[in-house]
Amino acid sequence: MIKRTLSIILFGGILFCLSCKTEIKQEQETAKAKIKFTDKLQYDFLEVQDTIKMAYLDMGHISDPLVILLHGEPNSSFVYRNIAPFIVEQGFRVIIPDLIGFGYSDKPKNPDEITYENHTKWLNNFIERLELKDINLFAHDWGGMISLRIIAEKPEKFKSVAISYSYLFEGTEKIPEGFLGFKKYAKTDSNFSAGDIMDWGSYKELSDSIKAKYDEPFKNTDFVAARRFPWLIPDNPEDKEAILNKKLNKSLKDFKNPFITIWGNNKDPMWIGKDSILQKHILGAKNQIHYTLESNHFIQEDKPEELVQILIGFFKKNNN
């Protein structure tokens with residue numbers, strides 16, 4: 001009788017402990033889903049090159065299907081503040097890096113360090129050192145222009161891919177006057193502002209407080225990386241980056257896993273038709289639903305709810 005009583009007490013204690021652990025785990029996951037995107041203390045940091053560290057948010061549970069969200073010019077992980085938590089709530093682990101030179105990642109002071117080659121290396125090292133695989137990717141702007149290279153070289157790491165305003169330029173494309181003006185603005189304007197660019201590239205008018213949050217990570221840095229990015233798009237077929245992109249575009253055509261494009265309807269000459277090229281040439285884009293939203297360039301600001309629904313539906317479909 002005593003043994004039986006002790007066994008019941010012990011078994012009850014074990015169940016209680018397991019229940020506590022489960023509740024703690026759920027609380028931790030809920031807390032991670034409510035991460036404050038403007039709090040540096042909430043970020044993890046990974047060395048992607050000697051003395052250079054990349055900041056990133058890691059939300060959700062490690063055993064859940066993995067989603068990576070990549071930002072572009074001139075923003076950071078902050079652009080996903082209205083998107084990532086809802087994806088986590090649907091049972092995904094979400095990792096959002098700040099590209100080097102942006103957000104809370106290290107910011108090289110020498111502009112010559114901000115190259116297409118280096119950014120590709122840094123993101124590749126990030127993926128390799130965290131041993132990330134079976135990646136469900138959404139990449140926008142430069143986040144896509146960098147990650148498309150990695151997809152072309154290491155397609156086995158990606159389970160599904162959604163791309164927005166990204167393309168591997170080969171140097172033969174016509175660069176419109178508007179973008180040439182943007183390059184000049186980025187290089188020389190003393191009033192350069194990431195917040196202003198985000199506002200100009202959104203149909204929705206951004207508040208001064210939101211624009212300030214986009215500018216804040218660049219404080220005392222003169223926006224070195226953000227000023228450089230527009231100049232990294234190759235505009236000459238003899239450029240080594242153009243030559244590499246041409247080679248990688250041939251490999252990218254053979255990517256078989258689900259691949260979709262999500263564009264806006266803003267008629268930007270720099271990006272008109274680039275989604276159609278990806279849809280036509282990439283094997284995994286065949287027989288997929290592709291999207292054109294009522295949005296300017298920054299879909300994350302203009303249509304966060306629609307983007308969330310598209311990504312959740314796409315990723316769930318490919319992770320059953």
| field | Extension gain (nm, one decimal) between GLU117 and ASP50, 0.36 nm per residue minus Cα-Cα | value | 22.5 nm
| Label-point separation in nm, ASP254 to LYS240, each point 7 Å along Cα→Cβ | 2.5 nm
| said: With the crude spin-label approximation of a point 7 Å out along Cα→Cβ, what separation in nm comes out for HIS61 versus GLU131? | reply: 2.0 nm
| task | Treat every Asp and Glu Cβ in the chain as -1 and every Lys and Arg Cβ as +1, leave all other atoms uncharged, and give the resulting dipole magnitude about the Cα centre to the nearest 20 debye. | result | 1100 debye
| Extension gain TYR185-ILE272, at 0.36 nm per residue separation less the Cα-Cα distance, in nm? | 29.1 nm
| field | Virtual spin-label span in nm between LYS204 and GLU89, 7 Å along Cα→Cβ | value | 1.5 nm
| field | Calculated FRET value between THR38 and HIS281, using beta carbons and R₀ = 56 Å, to 0.05 | value | 0.90
| query | Hey, if you put +1 on the Cβ of every Lys and Arg and -1 on every Asp and Glu Cβ in the chain, which of ASN75, LEU137, PHE37 ends up farthest toward the positive end of that dipole? | reply | LEU137
| message | Between ILE175 and GLU156, what is 0.36 nm times their sequence separation minus the Cα-Cα distance? Round to one decimal in nm. | response | 3.6 nm
| message | Using Cα-Cα distances under 8 Å and only pairs 6 or more residues apart, what relative contact order does the chain have, in percent? | response | 18 percent
| field | Share, in percent, of DSSP beta bridges within the chain that are antiparallel, nearest 5 | value | 30 percent
| field | Rounded FRET efficiency, nearest 0.05, which uses the C-beta distance separating ILE289 from ASN110 and R0 of 41 Å | value | 0.40
| note | Per the charge dipole of the stretch 29-317 (beta-carbon charges, Lys/Arg positive, Asp/Glu negative, Cα centre), the residue among ASN265, ASN118, LEU252 reaching farthest to the positive end is LEU252
| request: Can you find, among TYR104, SER190, GLY91, the residue farthest towards the positive end of the dipole of the chain? Put +1 on the C-beta of Lys and Arg, -1 on that of Asp and Glu. | output: GLY91
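Only the coordinates and a few stated rules stand behind these numbers; no lab work does. The model shown is predicted, which means the values in this text are computed figures rather than measured ones. For neighbour counting, all protein chains shown are included, and Cβ atoms are generated from backbone atoms with ideal geometry for every residue, glycine included.
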